[in-house]
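**Student:** Could you have a look at this structure, given as structure tokens, before my questions?
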Amino acid sequence: MFVDNVVTILMMAPVALPLARAMRIPATPVILMIGFGANFMGTALIIGDLPPQMLHSVAGAEFFDFLWHFGKPSSFPILMATFLVTLGAMYSYGFRGAKRVASPGELGLDARIPNRLFAAVVVAWFIGTVLAMSLREYIGVKLGFIAFAGALSLMLVLALLGDRVKAASFEESIQALDWRAVFFYIALFALVGGLEKSHVLAMLADAMKPLFEQDYALGATVLYWVTVPIVGLVEHDAYILTFLHAIRELGEAGIEPWPLYWMLLWSGTLGSNLTVAGAPALYVALSLAEKEEKRKVSLREFLSWSVPFTLVCSLVCYALGMIIWVL
Amino acid sequence: MFKHILLPTDGSRLSLQSARAGVLLAKALGARVTAFFAAPPATPILYRAMLPVGYATPGEHEKMTRKVARKYLGAIERAAAAAGVRCEALSVTSDFAADAILKAAARRRCDLIFMASHGRRGLRRASLLGSETQKVLSLAPVPVLVYRA
């Protein structure tokens, strides 16, 4: 919710893997569940993943709109409720045979922070940046500027603290950035911008309009359930951005856009857990699992976890979304 | 000529026929055999012919895998015992049968892999060789004898 989903997987894996080893449970489902969860909850708040940020740039959704919007619970409460139900279902599906542990001491694990000053500075900066993002409307600057300013000022402070924090140098931090992802998203926005300028999205919206005019609930249902399998097979960011623009066109033609924005955002995120192709975060999770277990994970094994997870969360979120936003 | 033959099986009728033929070849050559089975890793959902048919915990899955491996490998062991051929049984967990066969052949220093043209999966009449057999043929560093029935 607060951190990019790939970063979440990289942060949580060192916590989960020793636990899985100590409890003698297979690492693959544990890591995949972290991947699914990170991908899933990335859409709960504006800063967790790209789709909510796209909603911010296309429709102007702000931080608090993800909590409560037009007097209704929106992304955070709906996805949180969905997540809790899905977690219970997945425990019953795949983890109920696992050993119960009363305390971390039983596992014989010892965790400590090697550099307390470094940890304190990074956590304080992180919380400050998140707070600034949540207050973006009142500060009056762009969301990207806040994130960029937070990252740059953190690097500056760490450089000033020098050897006391033993942080990576500025050059190393810049090199560690996922530049491929940065350029991918630049290209993605350029491509969808081209589709908009050439009126392809207006044509798409025109084609969709009769469905929503005749039966809005049916239209929202079709949009949701067509999106789930598609984003399981193609990268979800491109799909979501295209349809966010198409929904904006629908809004300009007099169709109420917000329930559709939310249904698209949720189905686009939840469906992307179906296969590795849908979400790059899952590729990272799968690689970590394969490295840990020193074996390849087959598609059959991956699907045995991803299909139940996606089905349960998509069904629960659909029911909540329809009851709260569409009907 | 060949001293140690690997006999992979997936429990299908054809692979058992192939393993029996492999045992007879080993007898004729005075070689020993290793019967080999790669079981799929534990997943909560169990499949038969690509369709989900049941649910199992990791513990249940392990028990089931052991039982199935005993059954498949036991048939080859019995055939070897009847023919007076020295036989070892080996089972591993992997969804990638061809990789597991190649790894087993290298670890056990087998000088021949004797396997059926088709396994459980795929269409027998539609292709000359099954996909796992093709992979083993392409990648094996030792001779591969394909048994076609």
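**Student:** From the residues in region A:283-320 that are away from chain B (no Cβ under 14 Å) and within 20 Å of A:Pro18 (Cα to Cα), which one is surrounded by the most Cβ atoms within 10 Å (Cβ to Cβ)?
**Tutor:** Looking at the filtered set, the residue picked out is A:Ala285.
**Student:** Still on this model: Tell me yes or no: at least one residue of region A:254-268 is closer than 25 Å to A:Met33 by Cβ, surrounded by fewer than 22 Cβ atoms within 10 Å (Cβ to Cβ) and free of Cβ contacts under 8 Å to residues at least 24 places away in the same chain.
**Tutor:** Checked against the condition, which is being closer than 25 Å to A:Met33 by Cβ, surrounded by fewer than 22 Cβ atoms within 10 Å (Cβ to Cβ) and free of Cβ contacts under 8 Å to residues at least 24 places away in the same chain, region A:254-268 yields no hits at all.
**Student:** Looking at (1) touching a residue at least 60 places away in the same chain (Cβ under 8 Å); (2) out of contact with any Ser or Thr (no Cβ under 7 Å at 6 or more places or on another chain); (3) of a type outside the set (A, V, I, L, M), which is the only condition A:Pro52 fails?
**Tutor:** Answer for A:Pro52: the failing condition is (2).
**Student:** In this structure, is B:Arg108 touching a Phe, Trp or Tyr at 6+ places or on another chain (Cβ under 9 Å) and either touching a residue at least 40 places away in the same chain (Cβ under 8 Å) or away from chain A (no Cβ under 12 Å) (or both)?
**Tutor:** Against the criterion (touching a Phe, Trp or Tyr at 6+ places or on another chain (Cβ under 9 Å) and either touching a residue at least 40 places away in the same chain (Cβ under 8 Å) or away from chain A (no Cβ under 12 Å) (or both)), B:Arg108 qualifies.
**Student:** Test A:Gly48 against the stated conditions and say whether it is within 24 Å of A:Ser287 (Cα to Cα) and either touching a Pro at 6+ places or on another chain (Cβ under 8 Å) or at pLDDT below 90 (or both).
**Tutor:** In short, yes.
**Student:** Going residue by residue through region A:231-250, is there one that turns out to be surrounded by fewer than 17 Cβ atoms within 10 Å (Cβ to Cβ), away from chain B (no Cβ under 14 Å) and not in a helix (DSSP H, G or I)?
**Tutor:** yes
**Student:** Another one. Every residue in region A:162-186 that is small (Gly, Ala, Ser) and surrounded by 11 or more Cβ atoms within 10 Å (Cβ to Cβ), please.
**Tutor:** A:Ala167, A:Ala168, A:Ser169, A:Ser173, A:Ala181
**Student:** Also: Filter region A:207-224 down to residues that are surrounded by fewer than 15 Cβ atoms within 10 Å (Cβ to Cβ) and in contact (Cβ under 8 Å) with a residue 40 or more places away in the chain and give me whichever is farthest from A:Ala277 (Cα to Cα).
**Tutor:** A:Glu213
**Student:** For region A:256-296, give me the residue count where each residue is outside any helix (DSSP H, G or I) and farther than 25 Å from A:Pro77 by Cβ.
**Tutor:** So the answer is 4.
**Student:** List the pairs whose first member sits in region B:26-45 and is basic (Lys, Arg), whose second member is part of a strand (DSSP E or B), and whose Cβ atoms are under 9 Å apart, counting only residues at least 6 apart or on separate chains?
**Tutor:** Close Cβ pairs (under 9 Å, with a partner that is part of a strand (DSSP E or B)) amount to B:Arg32/B:His4; B:Arg32/B:Ile5; B:Arg32/B:Cys87; B:Arg32/B:Glu88.
**Student:** Within region B:7-41, take every residue that is within 14 Å of chain A (Cβ to nearest Cβ) and within 13 Å of the chain's Cα centre (by Cα) and give me the one that is modelled with the lowest pLDDT.
**Tutor:** Here the residue is B:Pro40.
**Student:** Would you confirm whether any residue within region A:260-275 is modelled with pLDDT of 85 or more, over 15 Å from the mean Cα position of the chain (by Cα) and farther than 16 Å from A:His236 by Cβ?
**Tutor:** Looking for residues that are modelled with pLDDT of 85 or more, over 15 Å from the mean Cα position of the chain (by Cα) and farther than 16 Å from A:His236 by Cβ, one finds at least one in region A:260-275, hence yes.
**Student:** Would you check if there is a residue in region A:152-161 being without any contact (Cβ under 8 Å) to a residue 12 or more places away in the chain, of a type in the set (Gly, Ala, Ser), surrounded by 13 or more Cβ atoms within 10 Å (Cβ to Cβ) and more than 25 Å from A:Arg248 (Cα to Cα)?
**Tutor:** Yes: region A:152-161 contains one or more residues that are without any contact (Cβ under 8 Å) to a residue 12 or more places away in the chain, of a type in the set (Gly, Ala, Ser), surrounded by 13 or more Cβ atoms within 10 Å (Cβ to Cβ) and more than 25 Å from A:Arg248 (Cα to Cα).
**Student:** If a residue has to be more than 14 Å from chain A (Cβ to nearest Cβ), without any contact (Cβ under 8 Å) to a residue 60 or more places away in the chain and either crowded, with 19+ Cβ neighbours inside 10 Å or of a type outside the set (Gly, Ala, Ser) (or both) to count, how many in region B:57-88 make the cut?
**Tutor:** The qualifying residues number 10.
Yes/no matrix, rows are residues, columns are (1) modelled with pLDDT of 90 or more; (2) within 14 Å of the chain's Cα centre (by Cα); (3) surrounded by fewer than 18 Cβ atoms within 10 Å (Cβ to Cβ):
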residue: A:Leu19; (1), (2), (3): no, no, yes
residue: A:Pro26; (1), (2), (3): no, no, no
residue: A:Ile31; (1), (2), (3): yes, no, no
residue: A:Ile34; (1), (2), (3): yes, yes, no
residue: A:Leu67; (1), (2), (3): yes, no, yes
residue: A:Lys72; (1), (2), (3): yes, no, yes
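**Student:** Among the listed residues B:Ala26, B:Ala35, identify the single one that is farther than 20 Å from B:Val92 by Cα and among the small types (Gly, Ala, Ser).
**Tutor:** B:Ala26
**Student:** Then there's this: Name the one entry in B:Pro52, B:Pro44 that is more than 21 Å from B:His118 (Cα to Cα) and either away from every other protein chain (no Cβ under 13 Å) or touching a Leu at 6+ places or on another chain (Cβ under 9 Å) (or both).
**Tutor:** B:Pro52
The values are calculated or read from the model by the stated rules, or taken from the named source; none is laboratory data. Quantities reported herein were computed from a predicted structural model and do not represent experimental measurements. All Cβ positions, even for glycine, are placed from backbone atoms using ideal geometry, and neighbour counts span all protein chains on display.
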